[in-house]
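This report concerns only the one structure given below.
The values are calculated or read from the model by the stated rules, or taken from the named source; none is laboratory data. In this text, all values refer to a predicted model and were calculated from it rather than measured experimentally. Cβ placement follows ideal geometry from the backbone for every residue including glycine, while neighbour counts extend to all protein chains displayed. SASA here: full protein model, heavy atoms, side chains in, ligands and nucleic acids out. Shrake-Rupley method; radii C 1.70, N 1.55, O 1.52, S 1.80 Å.
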Amino acid sequence: MLISLGYEIEIDCRQPMELVALLDPAPEWEPKIVARRALQLSPQVPFRYYTDGHGNRCLRLTAPAGALRLAAEYNLRIDPQPDDWSHEGEAGTPQDFPDEVLRYLLPSRYCETDLLMEKAWELFGAVAPGWERIRAIFDFVNGHIDFGYGHARATRTAAEALAEGKGVCRDFAHLAIALCRCMNIPARYVNGYMGDIGVPADPAPMDYNAWTEVWAYGRWITLDARHNIPRIGRVAVARGRDASDVPLLHSFGPHGLTRFVVKAEEVNAAGLTPVPGGAVTPL
């Protein structure tokens, strides 16, 4: 399957400031890229990439005062299969986890396991460990939070999402992560692209999506408490303990967002003509 994805973002900076952006497909997608329109900056300023402590590819630049536009576009050839939920054998316990996985059991900025531990064990302590318990957590979060773009709040934590029962995709992810960690299931936050591939089109404007990866059965398994079904065409951008590790734009100074366009859609290989229901600008 061939998909086209990309972004066009404009911000207005009150003063020159350092900017870090996580907007492009994660490094593991590089072999899948068949065409690209590389990063376009207006005005043109020097930039560089570096790798952070979670293995994410981060763009760094000094934004000038005034308007700044960032845009890029990619065509990727991906596996048309949905998320792999297969599981065999034992899910594993902390003594089995690799060293680098243990940090995803710890509390973080938006995932306060200390506040949720008692509630988590009340809800899931009697559920059999392993896949049954993992699914119980994601089913609970899916049914508990009412999704709505009007519910978005950048400071909402997992405990607050549980108390308020509303939020957006990042709140579903944070609550699922926190409850998993309470039950000794390593979980991390993923930000990325997910178009309406294989599902009815969502009339709302396209945005980046947040979902979760849990460590079980010796590997990271992709789960999504908001949609709660395997989906086709996820393309990860960045991973971290929670949203604080993987902001789309992190400016070290005040800025305003003036334009935000994101796309991720299936295209035909022959001439990259649009498939029904979507349009694409050929690279």
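At-a-glance table
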item: Members of region 54-86 found to be buried (at least 16 other Cβ atoms within 10 Å of the Cβ) and of a type in the set (A, V, I, L, M), listed by number; result: Leu59, Leu61, Ala63, Leu68, Leu70, Ala71, Ala72, Leu76, Ile78
item: Residues located in region 94-125, provided they are part of a helix (DSSP H, G or I) and open to solvent by 80 Å² or more (accessible area, probe 1.4 Å); result: Gln95, Asp96, Asp99, Glu100, Arg103, Asp114, Leu115, Glu118, Trp121, Glu122
item: Residue under evaluation Ala38, criteria (1) of a type in the set (A, V, I, L, M, F, W, C); (2) at pLDDT below 95; (3) touching a strand residue (DSSP E or B) at 6+ places or on another chain (Cβ under 6 Å), criterion not met; result: (3)
item: Scope region 126-138; condition touching a residue at least 12 places away in the same chain (Cβ under 8 Å) and open to solvent by less than 80 Å² (accessible area, probe 1.4 Å); matching residues; result: Gly130, Trp131, Arg133, Ile134, Ala136, Ile137, Phe138
item: Of all residues in region 27-53 being closer than 28 Å to Gly66 by Cα and either among the β-branched types (Val, Ile, Thr) or in a helix (DSSP H, G or I) (or both), the one that is least open to solvent (accessible area, probe 1.4 Å); result: Val45
item: Leu70 being outside any helix (DSSP H, G or I) and touching a residue at least 12 places away in the same chain (Cβ under 8 Å); result: yes
item: Candidate set: region 1-26, residues that are of a type in the set (D, E, K, R) and in a strand (DSSP E or B); chosen: the one surrounded by the fewest Cβ atoms within 10 Å (Cβ to Cβ); result: Glu18
item: Sole exception among (1) in contact with an Asp or Glu (Cβ under 6 Å, 6 or more places away or on another chain); (2) over 29 Å from Val127 (Cβ atoms); (3) buried (at least 24 other Cβ atoms within 10 Å of the Cβ) for Ile197, by number; result: (3)
item: Given (1) open to solvent by 10 Å² or more (accessible area, probe 1.4 Å); (2) among the acidic types (Asp, Glu); (3) in contact (Cβ under 8 Å) with a residue 12 or more places away in the chain, number of the condition Asp202 does not satisfy; result: (3)
